[in-house]
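Here the structure comes first, spelled out in structure tokens, and everything after it is commentary.
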Amino acid sequence: MGREYDQDTTIGAGKLRIRTRGRAVLSNPMTNRGTAFTAAEREALEIDGLMPTGYTTLENQTRRVYEQYRSNKSMLGKFLTLNALRDRNEVLFYRLLSDHLQEMLPVIYTPTIGEAIERFSSTYNRPRGVFLSIDRPDKMEQSLRNYGLGADDVDLICVTDSEGILGIGDQGIGGIQIAIGKLSVYTAAAGIHPRRVIPVVLDVGTDNLGLLSSDLYLGEPHSRVRGERYDDFIAQFVSTVTELFPQALIHWEDVGTANAYRILDRYKDEVCTFNDDIQGTAAVVLAALLAAVEVTGVDLDDHRIVVFGAGSAGMGIASLVRDQMLRTGHSETEEEAYSRFWPIGIQGLYLEDDHRLHEFQKPWARSRTDVAGWELERPDHIGLMDVIRNVRPTILIGTSTKGGAFTREIVEEMARHTARPIIFPLSNPTSRAEATPADLLEWTDGKALVATGSPFDPVDHDGVRHVIAQSNNALIFPGLGLGVAACRASRVTDGMIAAAAQALAGMVNTWRPGAPLLPGMGDLRLVSATVAIAVATRATEEGVAQRPLTDPVGQVFERMWQPRYPEIEAI
Ligand SMILES: NC(=O)C1=CN([C@@H]2O[C@H](COP(=O)(O)OP(=O)(O)OC[C@H]3O[C@@H](n4cnc5c(N)ncnc54)[C@H](O)[C@@H]3O)[C@@H](O)[C@H]2O)C=CC1
Ligand SMILES: CC(=O)C(=O)O
Ligand SMILES: [Mg+2]
């Protein structure tokens, strides 16, 4: 038996050929268009009489569902309303989202998605995505096939093992929502076709005791599997998806620190893959830093950078900034570039003899001689305040998950030694942000150059309106995915990540006091297309593009799916 419908998903919206009739047409979100079916379509699809006779255009439907959306009082209510709409009518969902991207991004993405993930099992009503259990490896291939997509039908697979969801840690099976959320952003921002993607959660258990002790928890009810069995499961996943969907880009999301770099290093030269928290974040933050550094008038190489929370995201940022210093600055050796960074984790400043450091963190650790003679608040611990006092940093990056860590005392101490302190509290969701922009601007008398991970309102200080850049990897990953799809890149190279950062940096204009350090989320479609063109161009230059790029602008725009009702043919 064939599928319920057929759609050419390779270019534009394509033509929708529908095989089913009657109520089945209305219960499939990809074929249903509610009262926007014309009289002729209603007759051909045998749905006459199954809805009111009135006809509504997509524009009017969008106005109607927007009113329904606005009537929700809570953010989670808005999230659930949007989810229900997507389950009814996917084109209408994306049309609404695209028309109100800036307003709705905080609902389908950070911060609201954090709450939706935490409450996944208790608010569950219908499945979306693929759930793969470590206890049933024999079912992996069939589960992926059951999703119903063929070898050439998939551009993107977003996968998480849920150990490090945003800043809220291990969320077990609920992590599927971050994969779904990221893929929604790919579609809304970059026009990746919603039927050419697969969200996946790798259920390897959870160490979250709250979830394990709940009767409603829907994941494997045991602690997180680690070691060889975990690695074998990841290897099986990578080989199964590359065999089933050879054109798909594998996007890793919110994998725990101990595994994120290992997985990336193991597979990045073998398959088309990237880690969003490490590489996507690095690219967006580099772009924001380049804008901030320009405002300070001090070369990037001459800044002293504290990375507070030097895990996946923090070390990814440091690596890309280091590469930028080596490529364009006056740092001649790696040692010189490394010497600009001061990484801090939960145990304090990273030191060379700290056996708790992961392999990827070791090159960043400071030597004991670097800190000899420092006056410390506590003799056995080098904390953030100690580093601020002794190093006098000019840039402070927060990727620690520790809400409120950048206190007034710390920020005032930093501001004492630098004219324009660059301070990026990047942790998500909002409750985890290391500081709020309003506080940072007040404590520095309007001098701080600020970017955040979750959205914040503008801040008025001393007659200047400071528009706060949201330095979130959402400004990068959609364009990266689109660029890879447009030229069929076989790998995601470091050069492609750097090209994405440079393209984004090129869109920033900071001449006006208080101007944001990055484009706004309302411009996400333009940003994503610009990033995609740069990525596809670099992939071609580096010889990893499998499709000739004769017309980069045309080839990228041609691939951007638009939320419109395609022409219908009843077959
Ligand atoms: N704005 C953006 O686009 C992105 C933001 N993030 C945010 O960054 C945060 C970290 O994410 P990942 O790097 O993926 O997590 P991770 O778990 O890999 O890294 C967290 C790091 O913070 C350190 N840390 C934890 N508690 C600390 C404390 N009290 N004091 C000092 N250091 C502490 C840990 O030692 C670890 O090195 C999350 O809140 C996440 O939402 C992550 C990716 C992108
Ligand atoms: C934005 C993102 O990827 C995170 O907070 O983990
Ligand atoms: Mg993430």
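General remarks:
Results for (1) of a type in the set (Asp, Glu); (2) within 18 Å of Ile278 (Cα to Cα), shown as yes or no for each residue.
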| site | (1), (2) |
| --- | --- |
| Asp155 | yes, no |
| Thr160 | no, yes |
| Gly167 | no, yes |
| Ala190 | no, no |
| Arg195 | no, no |
| Ile198 | no, no |
| Leu209 | no, no |
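- Every residue from segment 533-571 that is open to solvent by 40 Å² or more (accessible area, probe 1.4 Å) and of a type in the set (S, T, N, Q): Thr537, Thr540, Gln546, Thr550, Gln562
- Residue that is modelled with the highest pLDDT, among those in segment 1-57 that are among the aliphatic types (A, V, I, L, M), over 30 Å from the mean Cα position of the chain (by Cα) and within 16 Å of Pro563 (Cβ to Cβ): Ala36
- Total residues in segment 253-277 satisfying the condition of being within 16 Å of ligand 2 (Cβ to nearest atom), aromatic (Phe, Trp, Tyr) and open to solvent by 10 Å² or more (accessible area, probe 1.4 Å): the figure is 1.
- Filter result (farther than 23 Å from His417 by Cα and within 28 Å of the chain's Cα centre (by Cα)) within segment 323-335: Asp323, Gln324, Leu326, Arg327, Thr328
- For Thr53, the conditions (1) of a type in the set (Ser, Thr, Tyr); (2) more than 18 Å from Arg88 (Cα to Cα); (3) crowded, with 17+ Cβ neighbours inside 10 Å all hold with the exception of (3).
Yes or no, residue by residue, for (1) assigned to a loop (DSSP other than H, G, I, E, B); (2) not small (Gly, Ala, Ser):
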site: Asn32; (1), (2): yes, yes
site: Thr35; (1), (2): no, yes
site: Glu41; (1), (2): no, yes
site: Pro52; (1), (2): yes, yes
site: Gly77; (1), (2): no, no
site: Arg86; (1), (2): no, yes
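- Some residue of segment 110-120 being among the aliphatic types (A, V, I, L, M) and over 25 Å from Arg432 (Cβ atoms): no
- Members of segment 114-165 found to be β-branched (Val, Ile, Thr) and either in contact with a Ser or Thr (Cβ under 6 Å, 6 or more places away or on another chain) or over 22 Å from Trp252 (Cβ atoms) (or both), listed by number: Thr123, Val130
- Segment 108-125 residues that are outside any loop (DSSP other than H, G, I, E, B), paired with ones that are open to solvent by 70 Å² or more (accessible area, probe 1.4 Å) and within 15 Å of ligand 3 (Cβ to nearest atom) (beta carbon under 9 Å, 6 or more apart): Gly114/Arg432
- Residue within segment 315-325 that is among the β-branched types (Val, Ile, Thr), open to solvent by 40 Å² or more (accessible area, probe 1.4 Å) and more than 14 Å from ligand 1 (Cβ to nearest atom) present: no
- Val271 meets the conditions (1) under 29 Å from Gly227 (Cα atoms); (2) modelled with pLDDT of 95 or more; (3) within 16 Å of ligand 1 (Cβ to nearest atom); (4) of a type outside the set (Lys, Arg) in every case but one. The failed one is (3).
- Near pairs, Cβ below 6 angstrom, 6+ apart or cross-chain, from segment 459-474 (in a loop (DSSP other than H, G, I, E, B)) to any residue that is open to solvent by 20 Å² or more (accessible area, probe 1.4 Å) and away from ligand 2 (no atom under 16 Å from the Cβ): Val467/Pro458; Val467/Pro516
- Considering (1) of a type in the set (Lys, Arg); (2) in contact with a strand residue (DSSP E or B) (Cβ under 9 Å, 6 or more places away or on another chain); (3) open to solvent by 50 Å² or more (accessible area, probe 1.4 Å), the lone condition that Arg229 does not fulfil carries the number (2).
- Flag if Gly167 is within 16 Å of ligand 3 (Cβ to nearest atom), in a loop (DSSP other than H, G, I, E, B) and either closer than 20 Å to Gly453 by Cβ or at pLDDT 95 or above (or both): yes
- Going through (1) aliphatic (A, V, I, L, M); (2) more than 16 Å from ligand 3 (Cβ to nearest atom); (3) without any contact (Cβ under 8 Å) to a residue 60 or more places away in the chain one by one, Leu183 falls short only on (2).
- Residues that are in a helix (DSSP H, G or I) and free of Cβ contacts under 8 Å to residues at least 24 places away in the same chain, drawn from segment 485-542: Asp523, Leu526
- Qualifying residue in segment 142-158 (condition: out of contact with any Pro (no Cβ under 9 Å at 6 or more places or on another chain), within 24 Å of Gly219 (Cβ to Cβ) and within 16 Å of ligand 1 (Cβ to nearest atom)): no
- Residues within segment 446-458 that are open to solvent by 20 Å² or more (accessible area, probe 1.4 Å) and either free of Cβ contacts under 8 Å to residues at least 24 places away in the same chain or in contact with a strand residue (DSSP E or B) (Cβ under 8 Å, 6 or more places away or on another chain) (or both), tallied: 4
- Applying a threshold of 7 Å to beta carbon distances and a minimum spacing of six or more residues, or different chains, the list of pairs starting in segment 49-61 at a residue that is touching a residue at least 12 places away in the same chain (Cβ under 8 Å) and ending at one that is surrounded by 13 or more Cβ atoms within 10 Å (Cβ to Cβ) and not in a helix (DSSP H, G or I) reads Leu58/Tyr565.
- In segment 156-196, the residues that are under 15 Å from the mean Cα position of the chain (by Cα), open to solvent by 10 Å² or more (accessible area, probe 1.4 Å) and closer than 21 Å to Gly481 by Cα: Leu166, Gln177, Ile180
- Lone qualifier among Gly495, Gly520 - being surrounded by fewer than 22 Cβ atoms within 10 Å (Cβ to Cβ), at pLDDT 95 or above and over 21 Å from Asn275 (Cβ atoms): Gly520
- Residue match in segment 298-309 (condition: over 20 Å from Val387 (Cα atoms) and within 25 Å of the chain's Cα centre (by Cα)): no
The values are calculated or read from the model by the stated rules, or taken from the named source; none is laboratory data. Everything numeric in this text was worked out from a predicted model, so none of it was measured. Cβ: placed from backbone, ideal geometry, glycine included. Neighbour counts: every protein chain shown. Keep in mind that these areas ignore ligands, DNA and RNA; they rest on the heavy atoms of the full protein, side chains included. Shrake-Rupley method; radii C 1.70, N 1.55, O 1.52, S 1.80 Å.
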